[in-house]
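S.K.: Provided herewith is a single structure, encoded as structure tokens, for subsequent inquiry.
The values are calculated or read from the model by the stated rules, or taken from the named source; none is laboratory data. All figures in this text were calculated on a predicted structure; none of them were measured in a lab. Here the Cβ is made from the backbone with ideal geometry for all residues, glycine too, and neighbour counts use every protein chain on show. Quick note on the areas: whole protein, heavy atoms, side chains included, nothing else; ligands and nucleic acids left out. Shrake-Rupley method; radii C 1.70, N 1.55, O 1.52, S 1.80 Å.
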Amino acid sequence: MKSFKTKGTFAAVILIALLSPGKVYASCPALLDHSMKRLHSSEQINLCESFAGKPLMIVNTASHCGFTYQFENLEKVHKRYSTKGINVVGVASNSFFQAAASEEKAAQVCYQNFGVSFTMLAPVAVKGDDAHPLFKQLSDATAPPQWNFYKYIVDADGSVLGRFGSNVPPDDPAITSDLDKLAIN
């Protein structure tokens, strides 16, 4: 009878291990193995927990850039593709010296001026030696952003499939064609 209890306990431990959040980390792509702060919040977002196994469009943003109007189209892309398992993730940055003076003001531009409902992360460097590891990995896979509103398409396995420059709107057919291929129906 003792060995039965031991086997039962062992099975329970295995079941708990399989269902625990640690399993998410074990299958997390290196690209997403980061925690980042949500814009104008103290909340930390674990990218693995939030986005592992999901295709993404990751965009470096700035609140006072000539391309800031793209927030509107990013929101449209988010609404169109979030039901298909694809997430838009905006990452604020002042790497090109066009960010608002504070996170509060950047959040106002995103949330109030453009109605952004997709995940927006607090400012990080996106280029150079001090670039956030997420952007170092995106850059290594393709090339570093040359300006604000560079869009990186990432598949569900964390592989970077492409990069689109600032001049390519988020709803451009070249981007939506890639997103359509990644959609989870």
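S.K.: Scan the stretch 80-90 for residues that are surrounded by fewer than 21 Cβ atoms within 10 Å (Cβ to Cβ) and more than 18 Å from L138 (Cα to Cα) and report the count. It would help to see each step written out before you state the result.
M.R.: The initial filter retains those residues of the stretch 80-90 that are surrounded by fewer than 21 Cβ atoms within 10 Å (Cβ to Cβ), namely 80, 82-85, 87.
Okay, now just the ones that are also more than 18 Å from L138 (Cα to Cα), so 80, 82-85.
Number satisfying all stated conditions: 5.
S.K.: Of the residues S93, S117, only one is touching a His at 6+ places or on another chain (Cβ under 9 Å), over 20 Å from A30 (Cα atoms), among the hydroxyl-bearing types (S, T, Y) and crowded, with 21+ Cβ neighbours inside 10 Å; which?
M.R.: S93
S.K.: Just give me the residues in the stretch 142-163 being touching a Leu at 6+ places or on another chain (Cβ under 6 Å) and assigned to a loop (DSSP other than H, G, I, E, B), in sequence order.
M.R.: D155, G158
S.K.: I need the full set of residues from the stretch 142-163 which are open to solvent by 20 Å² or more (accessible area, probe 1.4 Å) and in contact (Cβ under 8 Å) with a residue 40 or more places away in the chain, in order please. Working first, answer last.
M.R.: As a first pass, look at the stretch 142-163 and keep what is open to solvent by 20 Å² or more (accessible area, probe 1.4 Å): 142-144, 146-147, 150, 155-157, 159-161, 163.
Residues satisfying the conditions are W147, Y150, D155, A156, D157, S159, V160.
S.K.: Being open to solvent by less than 30 Å² (accessible area, probe 1.4 Å), touching a residue at least 60 places away in the same chain (Cβ under 8 Å) and assigned to a loop (DSSP other than H, G, I, E, B) is the filter here; which residues of the stretch 164-185 pass it?
M.R.: Listed by number, the residues that qualify are S166, P170, A183.
S.K.: Within the bounds of the stretch 6-28, is there any residue that is crowded, with 18+ Cβ neighbours inside 10 Å and modelled with pLDDT under 95? Lay out the reasoning, then the answer.
M.R.: Of all residues in the stretch 6-28, those crowded, with 18+ Cβ neighbours inside 10 Å come to 28.
Next, only the ones that are modelled with pLDDT under 95 stay: 28.
The answer is yes, given that some residue of the stretch 6-28 is crowded, with 18+ Cβ neighbours inside 10 Å and modelled with pLDDT under 95.
S.K.: Of the residues in the stretch 37-93, how many are within 18 Å of P173 (Cβ to Cβ) and of a type outside the set (D, E)?
M.R.: Going through the stretch 37-93 one residue at a time, the tally reaches 15.
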